[in-house]
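Chemist: Got a structure here, written out as structure tokens. Questions coming.
The values are calculated or read from the model by the stated rules, or taken from the named source; none is laboratory data. Quick caveat: nothing in here was measured; it's all calculated off a predicted structure. Here Cβ is always computed from backbone atoms with ideal geometry, including for glycine, and neighbour counts include all displayed protein chains. Accessible surface areas use protein heavy atoms only, side chains included; no ligands, DNA or RNA. Shrake-Rupley method; radii C 1.70, N 1.55, O 1.52, S 1.80 Å.
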Amino acid sequence: MSVTPAHLRTLASRAEALTAEVRALCESVPAGSPESEQLAEARQAAQWLARGAEDLERAAADLARFQVQPCRMPWSVCPEHGNTLSSAAGVSTCRVCGRTWNYTRMSQPCQEPVTWKVFDRAGTETRMCDGHVLGARAATQGATFIRLDPAAPHP
Ligand SMILES: [Zn+2]
Ligand SMILES: [Zn+2]
């Protein structure tokens, strides 16, 4: 069995739930009472648990990034807006959001994670990122777009 980001996210949400339970327990005691002072360690524990939940979320995100394949389309796009880039003086700018990229990144195959499978009318499969799918939707007719499950590792 291989570890997926979903496994880590499940553990993270259990740690979050535990954090909330410990905090609720500590807050059920009136602040400033002698009993409340005895719960200092428990409050500390809640902080560690919250921290653990965050670390697990981060690990899930890292693993997800590691497991996805890059898109590798030979030209670059804005990851959010698609074919909206204009280039001048070594800098590419998205005409919609104004984000800029330098020429080094723009001249390399797309490094955004693959999130879609696209089948053209002949049934040829291409895997692309969100940005490239936006451009492909505008440019191709009769293609089928299938969103990949972000939690599943891609073969
Ligand atoms: Zn943009
Ligand atoms: Zn791409």
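Chemist: What about residue 23, is it without any contact (Cβ under 8 Å) to a residue 40 or more places away in the chain, within 16 Å of ligand 1 (Cβ to nearest atom), open to solvent by 80 Å² or more (accessible area, probe 1.4 Å) and not hydrophobic (A, V, I, L, M, F, W, C)?
Modeler: no
Here is a yes/no grid of residues against (1) in contact with a Phe, Trp or Tyr (Cβ under 7 Å, 6 or more places away or on another chain); (2) without any contact (Cβ under 8 Å) to a residue 12 or more places away in the chain; (3) β-branched (Val, Ile, Thr); (4) open to solvent by less than 60 Å² (accessible area, probe 1.4 Å):
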residue	(1), (2), (3), (4)
18	no, no, no, no
32	no, yes, no, no
60	no, no, no, yes
75	no, no, no, no
85	no, no, no, yes
96	no, no, yes, no
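Chemist: Also: Looking at the range 95-134, which of the residues that are of a type in the set (S, T, N, Q) and not in a helix (DSSP H, G or I) is modelled with the lowest pLDDT?
Modeler: The extreme case among them is 107.
Chemist: If you don't mind, there's one more thing I want to ask. Sort through 136, 50 and tell me the only one that's assigned by TED's automatic domain parsing to the domain that holds residue 17 and open to solvent by less than 40 Å² (accessible area, probe 1.4 Å).
Modeler: 50
Chemist: Quick one: which residue in 65, 9 is charged (D, E, K, R), loosely packed, with under 12 Cβ neighbours inside 10 Å and under 19 Å from the mean Cα position of the chain (by Cα)?
Modeler: Criteria check complete, one pass: 65.
Chemist: Right, next: Which one of these does residue 91 not meet: (1) open to solvent by 30 Å² or more (accessible area, probe 1.4 Å); (2) β-branched (Val, Ile, Thr); (3) within 21 Å of the chain's Cα centre (by Cα)?
Modeler: (3)
Chemist: Looking at 59, 88, can you tell me which residue is away from ligand 1 (no atom under 12 Å from the Cβ) and over 30 Å from residue 18 (Cβ atoms)?
Modeler: That would be 88, the only listed residue that is away from ligand 1 (no atom under 12 Å from the Cβ) and over 30 Å from residue 18 (Cβ atoms).
Chemist: With 76, 92 as the choices, which residue is at pLDDT 85 or above and either in contact with a helix residue (DSSP H, G or I) (Cβ under 7 Å, 6 or more places away or on another chain) or part of a helix (DSSP H, G or I) (or both)?
Modeler: The unique qualifying residue is 92.
Chemist: When you scan the range 82-101, do you find a residue that is within 16 Å of ligand 2 (Cβ to nearest atom), farther than 24 Å from residue 138 by Cβ and out of contact with any Ser or Thr (no Cβ under 6 Å at 6 or more places or on another chain), even just one?
Modeler: The answer is no, given that none of the residues of the range 82-101 is within 16 Å of ligand 2 (Cβ to nearest atom), farther than 24 Å from residue 138 by Cβ and out of contact with any Ser or Thr (no Cβ under 6 Å at 6 or more places or on another chain).
Chemist: Could you please give the count of residues in the range 98-129 that are free of Cβ contacts under 8 Å to residues at least 40 places away in the same chain, open to solvent by less than 70 Å² (accessible area, probe 1.4 Å) and of a type in the set (A, V, I, L, M)?
Modeler: 2
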